[in-house]
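Take a look at the structure set out below.
The values are calculated or read from the model by the stated rules, or taken from the named source; none is laboratory data. None of these values were measured; they are calculated from a predicted model. Quick reminder, even Gly has a Cβ in these numbers, built from the backbone with ideal geometry, and neighbours come from all protein chains shown. These accessible areas exclude ligands, DNA and RNA; they are computed on the full protein's heavy atoms, side chains included. Shrake-Rupley method; radii C 1.70, N 1.55, O 1.52, S 1.80 Å.
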Amino acid sequence: HALVVGGPPGSRIYTLQSAHEPYRMLVEEMHEGAVVLTSRGDIVYANARFAALAGEPLQLVVGGCFDRFLRPSDRAEFASLLHAGTGWCRCSLIGSGSREFDVRLSLSTTSPENGAQLNLIVTDLTELQAANNGREHAEHESRVKDKFLTLLAHELRTPLGAISSSAQALERTNVGGERATLHEIIARQVRHVSRLVDDLLDVERMAAGKI
C-alpha cells in the first residue's frame with residue numbers, strides 16, 4: 001500500500017508501506033532508479049538509487065518535477081512518454097555537477113486503490129556500455145590469441161617437416177652406436193612436437209566451430 005504523507009500543492013507524496021514489505025525492500029534496494037510520477041511528471045516517490053543517479057538528497061528529489069533532470073532536448077520525448085502512460089525512451093540524465101549520462105526510461109501505469117500512478121524505471125546505460133566494451137575487448141583479445149596460435153602452428157610445420165625428413169634419411173643410413181641414439185632422440189622429439197602442433201590446429205578448428 002502507499003501512504004500519503006503530504007507535499008506541495010496539487011501533489012501527493014508516497015511511501016511504500018508494510019503490507020508489501022518484501023516488495024518495498026526490493027524497490028528501495030534495486031540497482032535501477034525507481035520513481036512514481038503524477039500525470040504532470042511530479043515525483044511522488046523515488047528510491048535511493050535514483051537519488052544517487054540524480055546526485056541530490058532524496059528529500060530534495062521527491063516533490064520536484066522529473067524533467068528537470070533531463071537535457072532540454074529530451075524533455076519533449078519524455079512528455080510524449082508521460083502522456084502515453086507506457087513505453088520507453090532513451091535520453092540523457094543530468095546528475096550532480098551537470099554530468100550527463102545515457103539512461104533508459106521505462107514507464108508503466110498501475111491502478112492501486114488510491115488511483116492510477118505512473119511508475120518509471122531509470123536504467124543507467126553507461127554501466128551496460130562499459131560491460132559490453134569489456135566483453136568486446138576480451139573477445140578481440142581471444143581472436144588475436146587464436147590467430148597467433150594458428151599462425152604459429154602453420155609456421156612450425158615447415159621446419160618440423162624438414163627435421164622429420166632428415167631424421168628418416170639418417171635412419172636409412174643404418175647408423176649405429178651414439179649416432180643411432182641421437183637419431184632416436186631427434187625422431188622422438190619431432191613426433192612429440194608434431195602432436196603439439198596438431199593440437200594447436202585442433203584448437204583453432206574448435207574456435208572456428210569446425211569440430
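Could you say which residue among 168, 129 is in contact with a strand residue (DSSP E or B) (Cβ under 8 Å, 6 or more places away or on another chain) and either of a type in the set (Val, Ile, Thr) or in a helix (DSSP H, G or I) (or both)?
It is 129.
Within the stretch 76-97, count every residue that is closer than 17 Å to residue 38 by Cα, surrounded by fewer than 18 Cβ atoms within 10 Å (Cβ to Cβ) and in contact with an Asp or Glu (Cβ under 9 Å, 6 or more places away or on another chain).
1
Within the bounds of the stretch 46-57, is there any residue that is under 15 Å from residue 122 (Cα atoms), in contact with a Lys or Arg (Cβ under 9 Å, 6 or more places away or on another chain), part of a loop (DSSP other than H, G, I, E, B) and open to solvent by less than 50 Å² (accessible area, probe 1.4 Å)?
Yes, the stretch 46-57 contains a residue that is under 15 Å from residue 122 (Cα atoms), in contact with a Lys or Arg (Cβ under 9 Å, 6 or more places away or on another chain), part of a loop (DSSP other than H, G, I, E, B) and open to solvent by less than 50 Å² (accessible area, probe 1.4 Å).
Across the stretch 25-45, what is the total count of residues that are in a loop (DSSP other than H, G, I, E, B) and closer than 19 Å to residue 77 by Cβ?
4
Name the single residue that is surrounded by the fewest Cβ atoms within 10 Å (Cβ to Cβ) among those in the stretch 108-146 being over 22 Å from the mean Cα position of the chain (by Cα) and of a type in the set (A, V, I, L, M).
Among them, the one singled out is 116.
Return yes when residue 7 is surrounded by 14 or more Cβ atoms within 10 Å (Cβ to Cβ), in a loop (DSSP other than H, G, I, E, B), out of contact with any helix residue (DSSP H, G or I) (no Cβ under 8 Å at 6 or more places or on another chain) and modelled with pLDDT of 90 or more and no when it is not.
The answer is no for residue 7.
Test of understanding: among 93, 105, which residue is more than 19 Å from the chain's Cα centre (by Cα), within 30 Å of residue 69 (Cα to Cα) and not in a helix (DSSP H, G or I)?
Every option except 93 fails the conditions.
Taking the stretch 117-141 as the search range and keeping residues that are in contact (Cβ under 8 Å) with a residue 24 or more places away in the chain and not polar (S, T, N, Q), which one is farthest from residue 32 (Cα to Cα)?
Looking at residues that are in contact (Cβ under 8 Å) with a residue 24 or more places away in the chain and not polar (S, T, N, Q), I get 118.
Which ones in the stretch 145-183 are of a type in the set (D, E, K, R), over 30 Å from residue 208 (Cβ atoms) and either touching a helix residue (DSSP H, G or I) at 6+ places or on another chain (Cβ under 9 Å) or modelled with pLDDT of 80 or more (or both)?
171, 179
Among the residues of the stretch 61-75 satisfying the criterion of being in contact with a Gly (Cβ under 6 Å, 6 or more places away or on another chain) and not hydrophobic (A, V, I, L, M, F, W, C), which is surrounded by the fewest Cβ atoms within 10 Å (Cβ to Cβ)?
This residue is 63.
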